[in-house]
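Visitor: Next up is a structure, given as structure tokens.
The values are calculated or read from the model by the stated rules, or taken from the named source; none is laboratory data. No experiment lies behind these values; they were computed from the predicted model shown. All Cβ positions, even for glycine, are placed from backbone atoms using ideal geometry, and neighbour counts span all protein chains on display.
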Ligand code: 13P
Ligand code: 13P
Ligand code: MG
Ligand code: MG
Ligand code: MG
Ligand code: MG
């Protein structure tokens, strides 16, 4: 059976600045989806990560479907009304375009969708991150799909033996989507050369070379390009199928123990480690740290089981402790050097304007 898994995610307002949506907001969006979807959806699930709420919608209408996206957009609009009524900060923050036309791509919400031939059993993982951008998934995807040190399945299982195809996007190219396809393991060094620059080159999708099936899809939209100004971080979502022709769940979760440094945190302008947290975790320290959650599902004919909260397991407590220590360590150097993002990647323009004002006070010393 062909089904579509659609994740649509947005920040439409939060309590205490950028911490978490209110219970009423979340409930309003959930109820809107349930009560107005009619026959459109097979199932749905809603969670939040920091100040971003993400809906997982299953259906059989394909990707970028107008009716499904309209439903999601209307649910986010209904949530925004609650955000306004409750005085939440940044009400409607990510709904940067006004009128819905064909689908929500390019309107602000992050989208990750896959149309799949549902397997007899269909395990998959739904990741959502806050206070960071889509390049945050470069390292985990590289490790999980291309490195046998992380993924023993690459040598243990014939189903993974041919490796994976990476579709990588140059997100600085705004006129149209600009992508390259590279295969692992043959082109591993080319993949590495691009992915080391997560601000520019972002994994968009990953495909099995054995079966041809799609394994993963990342939301690659950049709010700054859509809105033309700073509107917070993109806070990307990631959908990955697991087992059989794909890495196992354990192999896909393992890279998140690194707590790697990503762009984001406070004012979207810092380098901070990514902390794996339970579902529905608000952010806190330094408007972060950048947070990632993971809901694991099984699904049959598009109907979802309840999620398993992948990062709620006690193992991740020690990862969180180490990540917190890394966060505090880099924060000790404040705005200096690599603690803050380079000028071109800053979400705020204030510092550039300040330096511009000082320009005429510079003098050439001639002797
Ligand atoms: P189980 O025997 O618990 O199903 O383990 C299967 C496995 O190989 C997990 O990686
Ligand atoms: P969000 O994109 O999560 O709203 O982040 C805004 C921000 O800059 C927090 O300091
Ligand atoms: Mg926000
Ligand atoms: Mg956010
Ligand atoms: Mg954001
Ligand atoms: Mg088992």
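Visitor: Here are 266, 223: which of them is more than 15 Å from the chain's Cα centre (by Cα) and either within 16 Å of ligand 3 (Cβ to nearest atom) or closer than 27 Å to residue 312 by Cβ (or both)? Quick ask: steps written out before the conclusion?
Guide: Details: 223 fails: more than 15 Å from the chain's Cα centre (by Cα).
Every option except 266 fails the conditions.
Visitor: Also, quick follow-up: Answer yes or no as to whether residue 113 is away from ligand 2 (no atom under 16 Å from the Cβ) and assigned to a loop (DSSP other than H, G, I, E, B). Steps first, answer last, please.
Guide: Values: away from ligand 2 (no atom under 16 Å from the Cβ): yes; assigned to a loop (DSSP other than H, G, I, E, B): no.
When the stated conditions are applied, residue 113 does not pass them.
Visitor: May I pose another question? If you take the residues in segment 288-304 that are touching a strand residue (DSSP E or B) at 6+ places or on another chain (Cβ under 6 Å) and outside any strand (DSSP E or B), which one is surrounded by the most Cβ atoms within 10 Å (Cβ to Cβ)?
Guide: Going residue by residue through segment 288-304, those that are touching a strand residue (DSSP E or B) at 6+ places or on another chain (Cβ under 6 Å) are 288-297, 302-304.
Subsequent filtering for residues that are outside any strand (DSSP E or B) retains 288-290, 302.
On the way: 288: 26, 289: 30, 290: 32, 302: 19.
Residue satisfying both the conditions and the ranking: 290.
Visitor: Given (1) more than 25 Å from residue 55 (Cβ to Cβ); (2) within 16 Å of ligand 2 (Cβ to nearest atom), identify the lone condition not met by residue 237.
Guide: (1)
Visitor: Could you count how many residues in segment 322-367 are over 27 Å from the mean Cα position of the chain (by Cα) and outside any loop (DSSP other than H, G, I, E, B)?
Guide: Final tally of qualifying residues: 11.
Visitor: Looking only at segment 8-26, filter to residues that are farther than 15 Å from residue 82 by Cα and crowded, with 24+ Cβ neighbours inside 10 Å; which one of those is farthest from ligand 5 (Cβ to nearest atom)?
Guide: 8
Visitor: Which number in (1) in a helix (DSSP H, G or I); (2) in contact (Cβ under 8 Å) with a residue 60 or more places away in the chain; (3) surrounded by 21 or more Cβ atoms within 10 Å (Cβ to Cβ) marks the one condition that residue 54 misses?
Guide: (1)
Visitor: Next question, about the same structure. If residue 347 meets every condition in (1) touching a helix residue (DSSP H, G or I) at 6+ places or on another chain (Cβ under 7 Å); (2) at pLDDT 95 or above; (3) within 16 Å of ligand 2 (Cβ to nearest atom) apart from one, which number is that one?
Guide: For residue 347, the failing item is (2).
Visitor: May I ask you to say which residue of 5, 46 is part of a strand (DSSP E or B), more than 16 Å from ligand 3 (Cβ to nearest atom) and surrounded by fewer than 24 Cβ atoms within 10 Å (Cβ to Cβ)?
Guide: That would be 46, the only listed residue that is part of a strand (DSSP E or B), more than 16 Å from ligand 3 (Cβ to nearest atom) and surrounded by fewer than 24 Cβ atoms within 10 Å (Cβ to Cβ).
Visitor: Another question about this same structure. Looking at this structure, is residue 167 within 16 Å of ligand 5 (Cβ to nearest atom), buried (at least 16 other Cβ atoms within 10 Å of the Cβ) and either farther than 30 Å from residue 14 by Cα or modelled with pLDDT under 95 (or both)? Lay out the reasoning, then the answer.
Guide: Values: within 16 Å of ligand 5 (Cβ to nearest atom): no; buried (at least 16 other Cβ atoms within 10 Å of the Cβ): yes; either farther than 30 Å from residue 14 by Cα or modelled with pLDDT under 95 (or both): yes.
For residue 167, the condition - within 16 Å of ligand 5 (Cβ to nearest atom), buried (at least 16 other Cβ atoms within 10 Å of the Cβ) and either farther than 30 Å from residue 14 by Cα or modelled with pLDDT under 95 (or both) - is not met.
Visitor: Right, here's the next one. Among the residues of segment 173-204 satisfying the criterion of being free of Cβ contacts under 8 Å to residues at least 40 places away in the same chain and part of a strand (DSSP E or B), which is nearest to residue 54 (Cα to Cα)?
Guide: This residue is 204.
Visitor: Return yes or no: is residue 41 away from ligand 4 (no atom under 16 Å from the Cβ), buried (at least 19 other Cβ atoms within 10 Å of the Cβ) and part of a strand (DSSP E or B)?
Guide: In short, no.
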